[in-house]
Each structure stands twice: as structure tokens, then as C-alpha cells.
2 protein chains.
Amino acid sequence: MNLVLLEPHEVDGHGGVRLSGERARHLTAVLHVVPGQLVRLGQLDGPHGVGTVTAVDGADVLLECQWEEAVPPRPQVDLLLALPRPKVLRRLWSQIAALGVGHVILTNAARVERHYFDAHVLEPATYHPLLVEGLQQARDTRLPVVSVHRRFRPLVEDDLATLFPAGRRLVGHPGETRSTGHALDGDAASRVLLAVGPEGGWSEFELDLLARHGFSRVGMGARPLRSDTATIALLSLVHDGLWRASGPM
Amino acid sequence: MNLVLLEPHEVDGHGGVRLSGERARHLTAVLHVVPGQLVRLGQLDGPHGVGTVTAVDGADVLLECQWEEAVPPRPQVDLLLALPRPKVLRRLWSQIAALGVGHVILTNAARVERHYFDAHVLEPATYHPLLVEGLQQARDTRLPVVSVHRRFRPLVEDDLATLFPAGRRLVGHPGETRSTGHALDGDAASRVLLAVGPEGGWSEFELDLLARHGFSRVGMGARPLRSDTATIALLSLVHDGLWRASGPM
């Protein structure tokens, strides 16, 4: 935990917070905080801040908070992900939030099994804490927005225009010869929507539909990867590509 | 499973193989093979090949194999990894093999806990099947070589000259402003040794020692990542960097 995230309602009118549970335990048992010590804070979807420990009261920690003015921007990358197996998605939530995603658009696809949509791991009560865990790891405050779409074609044909109105659209495809890094050369400013397929890949119909709606294919060499490995790898490549395009180095 | 990997001793003198257990189950229950069907094969640390199903005998599958002449090269990237928590390393083995690593050099570091070295997940009987699983996912035959080093300083000062005699040495560091992709621009030919630190990062002493032994720092933006996420992300960036440097696109 590299940041303690608070829900806005947890902060009282005078900037005081009483932490209990896992976050307090982390501060006392792992960081061994004492009164006077400073702790990195964030408000969920709000600003970063600093908390001064005012007291350790049994299992609780009391903090006095100061907040920055600006709220950090949302990550520049959105993810269109064919719904992975529940076990894989469970592992992936925190890593998606840690790598930085603005909107997670989960979709059906020909090679997605129907029963994946009934999994607990698609319920906010399950994934919200996992997303928060990833944000606290990566020192971000911006919670990814999640939406779930059971029909691929209406999603791509109708809904994407609203969900992702402007920016670069990329689809990862094993064996594709254009690298993800190259696809973004000189393209620092735009948002990127990255589509990652299911185990076994997108179908030809799906690839066609994506191509007709502005998605360029990008790859990562010839090795087919598991859905979670591919997601982490491609998100890293997109972020690195945007970073290189924006920076002086 | 995108490839069935065989140990060389499993193939008889006439190119015949009798598969049982998990690999046979995958062929019958997932791929529903019938006699005459072709199956992608590989020999561990040997060539790729093709197997023709000659019979399905109860739970066993019999194949007639034909092998390519050439053995694929080892992946161009080696990994110097501060030993992660056992639970994290268990998840990471197959992903390391899938992404492509020639030599996995596991090391102690100031922020590695001693008891990690006693974990089952460091025993070949545990990690060998996980590495094979990753190779079968990524259609590779070259098993990563694994070595475990309990002392960081002698490893870097003495052993690395033999373990990694020539090539680029990079160390991933959160917040470093030079991107991994940029570090490899125009450098397609060389091998790369990528060092990834523990949760909490390398110590100043360790970073100094690595710098004095030829490691350049590279980063991935400001977000601190969990050790397994960082490993997958940095390996992807190094492979993509080598690929871009080697290719026409």
C-alpha cells in the first residue's frame, strides 16, 4: 500500500479521519506509525493529500488531512476486454487499476463462455475493493469506470461512439507484425482504447467489425499469451508508447 | 495449450508417442481429436514438430511425430529478479516462460525476506511444470534456465560476468524518466539482462552496485507496481523494444 485511499464521506468537516480495519492495520502493523508521522492519502476520484497521525487509538488511527487543489486526470487509456474466466479476472482487477485504465469495458465475444457473466467477480461488491487495492499500490485516486456488455455487436456499432467518442482505437492480435509501441509513435495527446481478446483470440467476424469501426491491429510478437498476461503486457506497451511520444527522452 | 511439449525420451525410435495424463486429456476433452488429425508438438529444448493422431486408446492418445530440423533460439532476454513472495512467484513462473526468458536469475536483496528462500516454489519439482505450462501456452520449446543466488553482491560482482557475458543490462526503477522502449532503440542484436526489484524497490546500495556493473536505469512512468505486474510489464517492454529495433515497421 503506497497510498491510503479514503471515500470522501470518511473525512469530517474539519479534515479529521478515523481509520479502522485493514487500512489502520497496515499503518500500525506494517508502517508502525506514531503520532506526528505523515501518511500519503488520496480521496477516491479526488485529490491527493497528506495525513498527519494525531493518535493511535487501539486498532484505530486518527489523521488530520490536507488536500491538494487539483484532482489528478483519469488515465489516458481505456480497455475493451473480452470477459476472461472468473479466476483470471479476479487476479486482473487490481493489476488493471494499478497500470492505469480510465474505463473498463467488458464484453462478450464468440470465444467467451456465457456462464462467465454470472460470476461474482462481475459484481461491484467484489471488484471495487480489488480496484481500490490496485490504486493504493500505484498511488492513484481515479477509480476505473466499469461497464459490462453482453452483446458485442451493438456495443461496437452503437455504444462505443458514446463510451469512447475520440481517440486511437487499437486491437491486440497475436502474430500481428506492427508493434504496439510503433502504433503510437508521435501520438501523445490522444486517448487510446485498447481491445484485448479472449483466450483463443477474436473471431474473424469480430476482427472485421472492429476494423470497420476504426481499430488498428497491433501485436507483440508471435507468442500467444494467456488473457491476463496479454492484458498487462499490452496496457504496459500502450502506456509506454504514450509516455515516449509525450516526453523529451 | 497451443503446443504439446514432449520430453525427448517420450518419443520412441520410430517417432511414435503414447500420451497419457493431462496432455492426453486436453487433446481428447478440449480439442476432441480423432485419428488422422494433426497436433502441434515441441520437444523440450528441441525442435517444433507435428504429430498425426494414430489412435485414441481409452484415456491415451497415440501420435506419429515429424520434427523440424532447426531448434528455435533461446529468447533474447534474461531476467534478474529479486525473489518475490512465494505466492507471487507461483503465479509468475508460467507467465515468465510464456513471455520468453532465457535465464531466470533469482536473487536476494535488502527488501527480500529470508524465508522466501525456503519456499516449495523454488524447487524444480514445483516450477518445472509451471514453466512447461507457459511454454505450451506461448508455443515455445526452450525451457528457461533457473538459478538461485542467496547473496546479491557476489552475484553481481563475480557471477554475472559468466551468467551474462555480453549484452545490454537494464534495471527497472519506478519513477525513472527514461522509458524501457527508448533504452533499446536501434539495439536489436544484443541480448538483454533485465533486473526487476523487490516490493519496495532496490536499496540505494543495490542500485549503486548495479550501476557500477553496467546496468542502466529504465522506468515505466510514476506508478509503483506489484512485483509480478512489474515483471510482466518490463519483460513486454524489452521484447517489444528488441522487436521494434529489429523490424521494418
Alpha-carbon centroids, the stretch A:1-74 and the stretch A:219-249: separation in whole Å: 33
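Net charge near B:MET220, counting Lys/Arg +1 and Asp/Glu -1 over other residues with Cβ under 15 Å of its Cβ? Present the calculation step by step, with values, prior to reporting the outcome.
Values: positive: A:ARG139, A:ARG244, B:ARG178, B:ARG217, B:ARG223, B:ARG226; negative: A:ASP140, A:ASP240, B:GLU176, B:ASP228, B:ASP240.
Here the count lands on +1.
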Under 5 Å between amide hydrogens, which residues at least 5 positions from A:ALA110 or on another chain qualify, with H placed 1.01 Å from N in the peptide plane? A:SER203
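At a threshold of 8 angstrom on Cα-Cα distance, excluding pairs fewer than six apart, so keeping six or more, what relative contact order does the stretch A:25-70 reach in percent?
32
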Decide, for the stretch A:115-168, between rounded, prolate and oblate: order the square roots of the alpha carbon gyration tensor eigenvalues as a ≥ b ≥ c, take rounded if a/c falls under 1.5, and otherwise choose prolate if a/b is larger than b/c, else oblate. oblate
Estimated 222 nm signal from helices in chain B, with DSSP H stretches of n ≥ 4 weighted -39500 (n - 2.57), rounded to 500: -8500 deg cm²/dmol
Taking a ≥ b ≥ c as the square roots of the eigenvalues of the Cα gyration tensor, with a/c under 1.5 meaning rounded and otherwise prolate when a/b exceeds b/c and oblate if not, the stretch B:137-240 is rounded
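Starting from 0.36 nm per residue, how many nanometres of slack lie between A:ASP45 and A:SER216 once their C-alpha separation is accounted for? Display every interim value, and only then the final one.
Numbers: separation 171, 0.36 × 171 = 61.56 nm, distance 3.11 nm.
Using 0.36 nm per residue and subtracting the Cα-Cα distance, I get 58.5 nm.
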Please give the average number of partner chain Cβ atoms lying within 10 Å of the Cβ of each residue in A:128-135, rounded to a whole number. 1
Simple spin-label estimate for A:ARG111 and B:LEU122 in nanometres, 7 Å along Cα-Cβ: 3.8
What's the average, rounded to a whole number, of partner chain beta-carbon atoms within 10 Å of each residue's beta-carbon in A:177-187? 4
With 0.36 nm assigned to each residue of separation and the Cα-Cα distance removed, B:GLU69 to B:SER147 gains 25.1 nm
Can you give me the P(r) profile for the stretch B:191-249? Cα pairs, bins 5 angstrom wide beginning at 0, each as a whole percent. 4, 16, 24, 23, 19, 9, 4, 1, 0
Relative to the other copies, what are the label-point distances for B:GLY21, with labels 7 Å from Cα along the C-beta vector, expressed in nm at one decimal and sorted shortest first? 4.5
I need the inter-copy label distances for B:SER203: point set 7 Å along Cα to C-beta, values in nm with one decimal, smallest first. 5.7
Averaged over its residues, how many other protein chain Cβ atoms are within 10 Å of peptide A:216-228's Cβ atoms? 5
With one decimal in nm and the nearest listed first, the spacings from B:ASP57 to its own position in the other copies, using label points 7 Å along Cα-to-Cβ, are 7.5
Percent of all Cα-Cα pairs per 10 Å bin for chain B, counting from 0 up to the last occupied bin, reads 7, 29, 31, 19, 12, 3, 0
Cα centroid separation - the stretch B:99-139 against the stretch A:76-138, whole Å: 26
List the residues, sorted by chain then number, that are 5 or more residues from B:VAL33 or on another chain and whose placed amide H is less than 5 Å from its amide H. B:THR28
Solvent-accessible area buried by B and A, counting both chains, probe 1.4 angstrom, square angstrom: 3100
List, in order, the whole-Hz ³J(HN,Hα) value for each residue of the stretch A:21-29 obtained from phi through the Karplus relation with A = 6.51, B = -1.76, C = 1.60 and θ = phi - 60°; use x for Gly and Pro. x, 4, 5, 5, 4, 4, 5, 7, 7
Over chain A, what is the mean sequence separation of C-alpha contacts under 8 Å (at least six apart), divided by residue count, expressed as relative contact order in percent? 19
Over the stretch B:150-249, what is the relative contact order in whole percent, taking alpha-carbon pairs under 8 Å and six or more residues apart? 42
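The values are calculated or read from the model by the stated rules, or taken from the named source; none is laboratory data. Note that the coordinates shown come from a computational prediction; the quantities given were computed from them, not determined experimentally. Neighbour counts are summed over all protein chains in view; Cβ atoms, including those assigned to glycine, are modelled from backbone coordinates with ideal geometry. We work out accessible area using only protein heavy atoms, side chains counted, and drop any ligands, DNA or RNA first. Shrake-Rupley method; radii C 1.70, N 1.55, O 1.52, S 1.80 Å.
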